[in-house]
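In what follows, a single structure is set out as structure tokens and then discussed.
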Amino acid sequence: MPAHVAESDSTPDPTDRTGTPDPTGTTGTTGTTGTTGTTSTTGTTGTTDPGGPGGPGGPADHSDPLAHERAHLAASRAALRAMREDVQALDIRDVTANWVNAAVLQSQIDDRIKALADLSHTPLFFGRLDYLHAVGGELAEGAEGERFYIGRRHVHDAAGDPMVIDWRAPVSQPYYQASPKDPQDVGLRRRFGYTGGELTAYEDEHLTDPAEAAHTSRLLQAEIERPRVGPMRDIVATIQPEQDEIVRSGLGGTVCVQGGPGTGKTAVGLHRVAFLLYAHRERLARTGTLVIGPNRSFLHYIEQVLPALGELEVKQATVDDLVTAGVEVRGTDDAAAAVVKGDARMAEVLRRAVRSHVTRPAEPVVVVRGSRRWRVPAYEIGEMVDELLARDMRYGSAHEALPQRIAHAVLVRMEEAGEAPDDRVQNTVARNPAVKAAVKAIWPAVDPEKLVLRLLADPEFLAAHAEGLLTEDEQRLILWAKPARSVRSARWSAADAVLIDEARDLVARTHSLGHVVLDEAQDLSPMQYRAVGRRCSTGSATVLGDLAQGTTPWSTESWDEALFHLGKADAVVEELTAGFRVPREVIAYASRLLPAISPGLAAVESVRESPGSLAVREVPSAEELDAAVVAACGESLRHEGSIGLIAADARIPELGAALEAAGRAYLSPGEETTAESRLTLVPASLAKGLEYDYVVLDEPAAVVDGEPDERTGLRRLYVALTRAVSGLTVVHAAALPGALEQ
């Protein structure tokens, strides 16, 4: 039986919809904000209908199946409202012992109420699975299999029976993984199409029917291609099998996802966080999770995804946010200096500099208690110092351990003399002025900011600890021309802040989280990888990136190298090569750059053909360029969806003035697009991770020239060329870069 698509005669076609930008590839229908605190319904009876001609797991026998599915949607929404009302009706006045407990419990209730909110314009479920047999149990003879509606959160009726199953539950996995070759006991998979929040179509796949020919889902294709306006949303309705395997991989191991433009790597990473929070909620509630993005605009762009999947409390940050606590970044480095400061060799320079504060004891320690004097000779204290150095402890931990070691040596002597000291005596001895003075001289406290300040300002201090690691030229590159007088007056750069973070960790261990998602990871320096790795040293990570999109002079050349610096050398590297976002014609044009920017990297194979999606226009002179670009934006605005005008950073003011002169209102990256305001003016340096239905790219040569070297410039151009979902128009007056012409 061929796949069946049914559409309502009274409702718009499912492809005629307004949605939201998704910078990561495939897109999904915006879901109801929800929580996953309810347990999985695996093995529980799902929502059932009278048996139909399809047999067990087949479609119900209704004269109007679409009306029946709409009725189930309405009933599910009513059940969700009832769940929310039940929480709102809770009275905690008599169940809390004090105001602190009451405040905590009320906060949890408020979060639960927020999580159970329903958004009427978004679908509550997007698919249905009709199993051939009972899930996790036995079927009586002649009985039908179970039926489950798959959605963004769990919804149950008044009796506790599930009406919608969370997409992360084990029983939902066949929705993404089942196929005619491996039906996984699924007789029928039904996909739903929506206009806004109204169910308007359905499409069936009979996975166990050998007569049904393989096909491409119309609803799935329409969902990927539809115009979008607003912040990025989830891809939960359109996750592909290879993406689902990554999403559901275990918490214990680190996963690195190499994915070209439009392969969905960012959304996969965010959905993996949502899945891990579902499967390991208690553990991650204790240890914490963090999503790290390249810049604030990008984080704002993706911040709606996790709440749409029911996760409200996942923190987001940039690498700079992590390392600049207490450090005011006011300075900048040229590219050459930043590359040296970001090199992993700087970690050893800092380690040497920190340990240089340790000195050998020259005198014994004499502790006076009452009428007795207890002497610990210098050689014995030296052995303690050697032992602490050999253990490679954090400098601060060893600083705290040394007085206890000395005090213990005193207690041994006291016991040998017939006394019976206890732990309180040892602590008292450790605070003895003689012991404290000895520790201050042997293992003094180190201030990380002052240490980095001295390294960058004192040529002799730097040379002493960089010997054999940095060349003299490299040392000159990172030394300040005008040394700062104090930490407060120093004009720290972003790279300096990473050095301070490394020094802080050498002194005191950085707190580790349970799981970290690192997006656009290819752009990090080795020292930045180390900074992120410290935040998940006892946890795991999901690393996302594309080597071809590395747009910093220090961007990594291989994932093996990056994962080594991250401290996750045993991570599994997965590659996504199927593109769902960028049209085939556009990605093929951009892929001309790959031999020059990332030799050996496989090009993305787009699943979408879109004739006419690429236009390259040359204007006669630079004087006519602005007008041609504005005209191209006007043409793009005739289509539905979001429009991005991407240009070299230096061209942004001129193009902004040209748009204003033409009466074209525009937004900046990170500002939410609406139906009335759909054009965003995007500096090329901020384009990474963003996407628009139609893109106008201004002067490719200027994008390349705006970077410190040609390779970085061509990579920046590759990023700009791959932001379009439906169409790309390239407008240029100068000659195109040679790599693009070939």
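Answer with yes or no whether Trp480 is under 30 Å from Glu400 (Cα atoms) and among the aromatic types (Phe, Trp, Tyr). Criteria not met by Trp480.
Condition test on Val517, is it within 30 Å of Glu415 (Cα to Cα), of a type in the set (Val, Ile, Thr) and touching a strand residue (DSSP E or B) at 6+ places or on another chain (Cβ under 8 Å)? Judged against the criteria, Val517 is not a match. Count of region 670-682 residues, restricted to those that are farther than 16 Å from Leu299 by Cβ and open to solvent by 20 Å² or more (accessible area, probe 1.4 Å), is 5. Note on region 72-100: residues that are part of a helix (DSSP H, G or I) and without any contact (Cβ under 8 Å) to a residue 40 or more places away in the chain total 10. I want to confirm something. Restricting to region 577-632 and keeping residues that are in a strand (DSSP E or B) and open to solvent by less than 70 Å² (accessible area, probe 1.4 Å), which single residue is nearest to Ser249 (Cα to Cα)? Out of the qualifying residues, it is Ala578.
Residues of region 430-450 include at least one that is farther than 30 Å from Arg375 by Cβ and either open to solvent by less than 40 Å² (accessible area, probe 1.4 Å) or touching a Gly at 6+ places or on another chain (Cβ under 9 Å) (or both). Filter region 645-691 for residues that are touching an Asp or Glu at 6+ places or on another chain (Cβ under 8 Å) and more than 21 Å from Asn295 (Cα to Cα) and give the result. Selection gives Glu654, Leu655, Ala658. Here Pro241 meets the list (1) modelled with pLDDT of 65 or more; (2) buried (at least 19 other Cβ atoms within 10 Å of the Cβ); (3) closer than 24 Å to Arg168 by Cα almost entirely, failing just condition (2). Residues in region 683-711 that are farther than 19 Å from Arg592 by Cα and at pLDDT below 90 were compared, and the one that is most open to solvent (accessible area, probe 1.4 Å) is Pro708.
Can you say whether Glu225 is surrounded by fewer than 22 Cβ atoms within 10 Å (Cβ to Cβ), farther than 24 Å from Asp118 by Cβ, at pLDDT below 70 and among the acidic types (Asp, Glu), as far as the supplied structure shows? Taking the combined requirement at face value, the residue satisfies it.
Selection of region 464-478 for residues being within 21 Å of Ser356 (Cβ to Cβ), touching a helix residue (DSSP H, G or I) at 6+ places or on another chain (Cβ under 6 Å) and among the hydrophobic types (A, V, I, L, M, F, W, C) yields Ala466, Leu469, Ile478. With the condition kept exactly as written, say whether any residue in region 557-576 is acidic (Asp, Glu), surrounded by 24 or more Cβ atoms within 10 Å (Cβ to Cβ) and part of a loop (DSSP other than H, G, I, E, B). Checking region 557-576: not a single residue is acidic (Asp, Glu), surrounded by 24 or more Cβ atoms within 10 Å (Cβ to Cβ) and part of a loop (DSSP other than H, G, I, E, B). Please verify whether Pro653 is surrounded by fewer than 20 Cβ atoms within 10 Å (Cβ to Cβ), more than 33 Å from the chain's Cα centre (by Cα) and not polar (S, T, N, Q), treating the condition exactly as stated. So Pro653 does not fit the description; no. Do we find that Arg93 is at pLDDT below 90 and surrounded by 23 or more Cβ atoms within 10 Å (Cβ to Cβ) in this structure? Judged against the criteria, Arg93 is not a match.
The residues of region 346-376 that are outside any strand (DSSP E or B), exposed (fewer than 14 other Cβ atoms within 10 Å of the Cβ) and either touching a Pro at 6+ places or on another chain (Cβ under 8 Å) or without any contact (Cβ under 8 Å) to a residue 12 or more places away in the chain (or both), listed by number, are Gly370, Ser371.
Whenever a residue of region 606-624 is small (Gly, Ala, Ser), its partners that are open to solvent by 90 Å² or more (accessible area, probe 1.4 Å), lying with C-beta atoms within less than 6 angstrom and at least six residues away or across chains, give the pairs Ser606/Arg584.
The values are calculated or read from the model by the stated rules, or taken from the named source; none is laboratory data. Not measured: the values here are computed from a predicted model. Note that we place each Cβ from the backbone using ideal geometry, even for glycine, and neighbour counts take in every protein chain shown. Note: accessible area is taken over every heavy atom of the protein model, side chains too, but ligands, DNA and RNA are not part of it. Shrake-Rupley method; radii C 1.70, N 1.55, O 1.52, S 1.80 Å.
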